[in-house]
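Have a look at the structure below before the remarks.
Derivation of every value follows stated rules applied to the coordinates shown; laboratory data play no part. Remember, predicted model here, so these are calculated numbers, not experimental data. Neighbour counts are summed over all protein chains in view; Cβ atoms, including those assigned to glycine, are modelled from backbone coordinates with ideal geometry.
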Amino acid sequence: MPTNLYGPNDNYDLNNSHVLPALLRKFISAKNNGESSVTIWGTGNPLREFLHADDLASACLFLMENYNDSGLVNIGVGEDISILELAKMVKQIVGFTGDILKDTNKPDGTPRKLMDVSKLNNLGWKASISLEEGINRVYEEIKNRNWSE
């Protein structure tokens, strides 16, 4: 059971994408359009865990080679970050210099979503791509994409 995933070929549609690709698109568009701010939904307080798709692939290969028991195995990094801190990280990576605004009329969602990955870690696998490194990789892939708003 994987946690929130991100990586190559993600969905960047502002109406139905997940938080990380939506933030990337918002900050890239705001930077390219010379906007003064980016608005995030809610308070920014909810905590989320993110796993790069390449780490998911690595974990699946590891489990196919090393695990044959019944039951689920959670796949994640075992660490979370607030939506506001995530927005600040994306802002820094993208090089956006404007403000981050919060639309508290929008929902926050579940306060925390963090997986217990001790079973997988105890088997000998850990995620190798940090959130900052992973976001940098994705940014380099999509930074020149032209989205029609």
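If we keep just the residues of region 1-21 that are in contact with a Leu (Cβ under 6 Å, 6 or more places away or on another chain) and not hydroxyl-bearing (Ser, Thr, Tyr), which is farthest from ALA59 (Cα to Cα)? It would help to see each step written out before you state the result.
Kept after step one, since they are in contact with a Leu (Cβ under 6 Å, 6 or more places away or on another chain), are these residues of region 1-21: 1-3, 5-6.
Going one step further and asking which of them are not hydroxyl-bearing (Ser, Thr, Tyr), we end up with 1-2, 5.
On the way: MET1: 11, PRO2: 10, LEU5: 13 Å.
It comes out as LEU5.
Say whether the condition of being closer than 17 Å to ASN105 by Cβ and part of a loop (DSSP other than H, G, I, E, B) is met by at least one residue in region 27-35.
Looking through region 27-35, none of the residues is closer than 17 Å to ASN105 by Cβ and part of a loop (DSSP other than H, G, I, E, B).
Just the residues that are hydroxyl-bearing (Ser, Thr, Tyr), closer than 24 Å to GLU140 by Cα and not in a helix (DSSP H, G or I), please, taken from region 36-68. Lay out the reasoning, then the answer.
Of all residues in region 36-68, those hydroxyl-bearing (Ser, Thr, Tyr) come to 36-37, 39, 43, 58, 67.
Remaining after also requiring closer than 24 Å to GLU140 by Cα: 36-37, 39, 58.
Within region 36-68, SER36, SER37, THR39 meet the criteria.
Only residues in region 125-137 that are in contact (Cβ under 8 Å) with a residue 12 or more places away in the chain and closer than 22 Å to SER82 by Cβ count as the first member; pair them with residues that are of a type in the set (Val, Ile, Thr) and part of a loop (DSSP other than H, G, I, E, B), Cβ under 6 angstrom, at least 6 apart or cross-chain, and list the lot.
From region 125-137, the pairs are ALA127/VAL77.
For region 101-122, name all the residues that are part of a helix (DSSP H, G or I) and in contact (Cβ under 8 Å) with a residue 40 or more places away in the chain. If you could, list the steps in order and put the result at the bottom.
First, pick out the residues of region 101-122 that are part of a helix (DSSP H, G or I): 118-122.
Selection gives SER118, LYS119, LEU120, ASN121.
Residues in region 69-86 that are touching a residue at least 24 places away in the same chain (Cβ under 8 Å), part of a loop (DSSP other than H, G, I, E, B) and not aliphatic (A, V, I, L, M): how many?
So the answer is 5.
Would you be able to say whether some residue in region 123-142 is under 18 Å from LYS91 (Cβ atoms) and part of a loop (DSSP other than H, G, I, E, B)?
Yes.
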